[in-house]
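Trainee: After the structure tokens below, expect a handful of questions from me.
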Amino acid sequence: MVLLNTELNILEVLWELGDVRAGQMVKILEERVGWKRQTTYTIIKQCIDKGLVERIEPHYICRAKVTREEVQRNEISVLLEKLFDHSPRSFLHAFADCGNLSEQDIAELQGIIDKME
């Protein structure tokens, strides 16, 4: 499942703050991204319909049903499929070629690879 940036905005708030009333979500997202009340409620409903968020009554409390890590793994799978023909090797080559890796980043990545062997 591909997540929209709008859905990620909702999830970011929930991951950061835990359970949040929909009315409070409206205030937070109006401040952060400029959404109006109806936009926030529409996106919350989308998230509920996709199984990303659950609505708890009373008081229309929103709770994330997925963790940040689950979303990250899913989004990486989608990215690998969409842009790299399911090839982690191709992804890593493109990632390394972007030139934004520090020596510390490289050492940490090497440690991860070493643990996988």
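Trainee: Which one, Y41, I61, V13, projects farthest toward the positive side of the charge dipole computed for region 5-64 from Cβ point charges (K/R +1, D/E -1)?
Mentor: Y41
Trainee: While we're on this one: Measure out, as a whole number of angstrom, how far apart the alpha-carbon centroids of region 45-112 and region 28-42 sit.
Mentor: 24 Å
Trainee: If you place +1 on the Cβ of every Lys and Arg and -1 on the Cβ of every Asp and Glu, how big does the dipole about the Cα centre of the chain come out, in debye to the nearest 20?
Mentor: 760 debye
Trainee: Oh, and also: Please list, ordered by chain and number, the residues whose modelled amide H lies under 5 Å from the amide H of V53; skip anything fewer than 5 residues away on the same chain.
Mentor: I48, K65
Trainee: Would you indicate which of (1) 1.04; (2) 1.10; (3) 1.33 is the value of Rg/Rh (Cα atoms, Kirkwood Rh) derived from the coordinates of this structure?
Mentor: (2)
Trainee: Cα to Cα, under 19 Å, and not fewer than 8 places away if on the same chain: which lysines meet these conditions relative to K36?
Mentor: In chain and number order, the partners are K27, K45.
Trainee: On C-alpha positions alone, give me the angle between the axis of helix 103-116 and the longest principal axis of the chain, in degrees, nearest 10.
Mentor: The answer is roughly 90 degrees.
Trainee: Apply the Karplus curve 6.51 cos²θ - 1.76 cosθ + 1.60, θ = phi - 60°, to the phi angles in region 36-47 and return the couplings in whole Hz, x for Gly and Pro.
Mentor: So the J values, rounded to whole Hz, are 8, 3, 4, 4, 4, 5, 5, 6, 4, 4, 4, 5.
Each reported figure results from applying straightforward, stated rules to the coordinates on display, with no laboratory input. A quick note: this is a predicted structure, and the numbers were derived from the prediction, not measured. Here Cβ is always computed from backbone atoms with ideal geometry, including for glycine, and neighbour counts include all displayed protein chains.
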